[in-house]
1. Pick out, from 121, 106, 50, the residue whose Cα sits farthest towards the positive end of the charge dipole of region 45-127, with +1 on the Cβ of Lys and Arg and -1 on the Cβ of Asp and Glu.
2. How far apart, in nanometres, would the label points at residue 72 and residue 115 be if each is projected 7 angstrom from Cα along the Cα-to-Cβ direction?
3. Taking 4 °C and 1.567 mPa s as the conditions, I'd like the Stokes-Einstein D for region 19-85 in µm²/s, using the Kirkwood hydrodynamic radius from alpha carbon pairs.
4. Between residue 15 and residue 83, what's the calculated FRET efficiency when r is the beta-carbon distance and R0 is 35 Å? Round to 0.05.
5. Return the FRET efficiency for the residue pair residue 97, residue 57: r is the Cβ-Cβ distance, R0 is 25 Å, and the value is rounded to the nearest 0.05.
6. Sort 44-51, 61-68 by packing, meaning the average of other beta carbons within 10 Å per residue, with the highest value first.
7. What is the gain in length, in nm to one decimal, between residue 26 and residue 124 on full extension, counting 0.36 nm per residue of separation less the C-alpha to C-alpha distance?
Amino acid sequence: MVHDLQWGRGPVDKLLYTRAGSTDLEATENGTALHIYGTPVHGMALVVNVPAIVAGADTLDVTVEVSPDNSNWYEVAAIPQITGVTSAPKEYYAHFSTDEPYVRAVFTVAGSAPNFGKVKAWLTEYAR
């Protein structure tokens, strides 16, 4: 297993990243589709780490989409819109449950010159 440490939270399996954060998030993009075979009964969470937010009118919308075939996608959860706040880094969570085998995050960026830094997003068990 390949791991990445996240702010003292312990290791995160890099195979659960839907966005690894190797480049700055400056435009709308679809995260990597992960084959999860559905969620446990109590669901899962998408964790999104935003390391930098430039104050202003730039916005970031993050949704969780699932698919039965890795081709046709539909939304099952969303994070409230992230705007030009200066309190980065910050983590956001979207809890979801599905029987579908594929999941991905979709990052919709808007604004005059948006740059949210090297945003990472990964799946984890839903912690109640």
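Since every read-out is calculated from the coordinates, none of them should be taken as a lab result. This structure is a prediction, so every number in the text was calculated from the model and none was measured. Positions of Cβ are generated from backbone atoms using ideal geometry, with glycine treated the same way; all protein chains shown enter the neighbour counts.
1. Toward the positive end, the furthest listed residue is 50.
2. Once both label points are built, they end up 4.1 nm from each other.
3. Details: Rh = 14.0 Å.
After rounding, the answer is 93 µm²/s.
4. Numbers: r = 31 Å, r/R0 = 0.89.
With R0 = 35 Å, the Cβ-Cβ based efficiency is 0.65.
5. Numbers: r = 34 Å, r/R0 = 1.36.
Calculated transfer efficiency: 0.15.
6. Working: 44-51: 21.6, 61-68: 19.9.
Descending packing order for the listed peptides: 44-51, 61-68.
7. Values: separation 98, 0.36 × 98 = 35.28 nm, distance 2.49 nm.
This chain segment gains 32.8 nm when fully extended.
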